[in-house]
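> Submitted below is the structure of interest, expressed as structure tokens.
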Amino acid sequence: MTSMSIEVGSVVEGVVTGITNFGAFVELPGGKVGLIHISEVADVYVRDVKDFLKERDKVKVKVLSVDERGKIGLSIKQLQPPSPARKPPASDGRRPGRFMPPASFEDKLSKFLKDSDERLTDLKRNTESKRGGRGARRAE
């Protein structure tokens, strides 16, 4: 095997050269540098990349993307077996004593919009009553 080409889907070994608050830079074979985004560092919530990686660490990474400018997106997470906490729920996922699955983004969004609408309506009602109803509405 001569020089390994960096192709999407391939697994390569590299060395962590830098850590930022959004991920880690990894030098790959052939002198190329890729980025492991913080969301691809581990299968758990990563608050600080430094909790998982240090400079000069040797890491195995999966190549996720290579864009036209040669920027390489990498993942460690996708090489790890999924953590037991993330197993898909059994049949309907409603075993007794289990918490409800988290609301979907759409559910959260519609709740947020409904709540913020109600808050705005309250706010308008309060400010208008204080101002005597927006100046123009007052009968002269």
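> Checking Phe25 against (1) touching a residue at least 24 places away in the same chain (Cβ under 8 Å); (2) in contact with a Gly (Cβ under 9 Å, 6 or more places away or on another chain); (3) surrounded by 11 or more Cβ atoms within 10 Å (Cβ to Cβ), only one condition comes out false. Which one?
So the condition that Phe25 fails would be (1).
> Can I ask one more? Restricting attention to the range 56-81, which residues are in contact with a helix residue (DSSP H, G or I) (Cβ under 8 Å, 6 or more places away or on another chain) and assigned to a loop (DSSP other than H, G, I, E, B)?
Kept after step one, since they are in contact with a helix residue (DSSP H, G or I) (Cβ under 8 Å, 6 or more places away or on another chain), are these residues of the range 56-81: 60-62, 64, 73-78.
The one that is in contact with a helix residue (DSSP H, G or I) (Cβ under 8 Å, 6 or more places away or on another chain) and assigned to a loop (DSSP other than H, G, I, E, B): Ile76.
> Further question: Out of curiosity, is Ala90 at pLDDT below 80, part of a loop (DSSP other than H, G, I, E, B), among the aliphatic types (A, V, I, L, M) and more than 19 Å from the chain's Cα centre (by Cα)? Even if it seems obvious, please write down each step before you answer.
Numbers: at pLDDT below 80: yes; part of a loop (DSSP other than H, G, I, E, B): yes; among the aliphatic types (A, V, I, L, M): yes; more than 19 Å from the chain's Cα centre (by Cα): yes.
Judged against the criteria, Ala90 is a match.
> Can you work out which of the residues in the range 43-65 that are β-branched (Val, Ile, Thr) and over 13 Å from Phe25 (Cβ atoms) is surrounded by the most Cβ atoms within 10 Å (Cβ to Cβ)? Let's see the steps before the verdict.
First, the residues of the range 43-65 that are β-branched (Val, Ile, Thr): 44, 46, 49, 59, 61, 63.
Keeping just the survivors that are over 13 Å from Phe25 (Cβ atoms) gives 44, 46, 63.
On the way: Val44: 13, Val46: 18, Val63: 20.
In this case the residue turns out to be Val63.
> For the range 5-22, name all the residues that are over 18 Å from Asp67 (Cα atoms), touching a strand residue (DSSP E or B) at 6+ places or on another chain (Cβ under 7 Å) and either buried (at least 18 other Cβ atoms within 10 Å of the Cβ) or not polar (S, T, N, Q) (or both). Full working, then the answer.
Initial filter on the range 5-22 (over 18 Å from Asp67 (Cα atoms)): 13-22.
Now restrict to residues that are touching a strand residue (DSSP E or B) at 6+ places or on another chain (Cβ under 7 Å): 13-18, 22.
If the condition is that a residue be over 18 Å from Asp67 (Cα atoms), touching a strand residue (DSSP E or B) at 6+ places or on another chain (Cβ under 7 Å) and either buried (at least 18 other Cβ atoms within 10 Å of the Cβ) or not polar (S, T, N, Q) (or both), then Glu13, Gly14, Val15, Val16, Gly18, Phe22 are the ones that fit.
> Another question, if that's okay. Are there any pairs, at least 6 apart or on different chains, whose C-beta atoms fall under 6 Å, with the first in the range 28-50 and without any contact (Cβ under 8 Å) to a residue 40 or more places away in the chain and the second of a type in the set (D, E, K, R), and if so, which?
If the second residue must be of a type in the set (D, E, K, R), the pairs left are Val33/Glu27; Glu40/Lys77; Ala42/Lys77.
> Still on this structure, please answer the following. Considering only the range 34-85, how many residues are closer than 14 Å to Ile6 by Cα and among the hydroxyl-bearing types (Ser, Thr, Tyr)?
Residues meeting the conditions: 2.
The values are calculated or read from the model by the stated rules, or taken from the named source; none is laboratory data. Predicted, not measured: the structure shown is a model, and the values here were computed from it. A quick note on method: Cβ atoms are made from the backbone with ideal geometry, for glycine too, and the neighbour counts reach across all protein chains shown.
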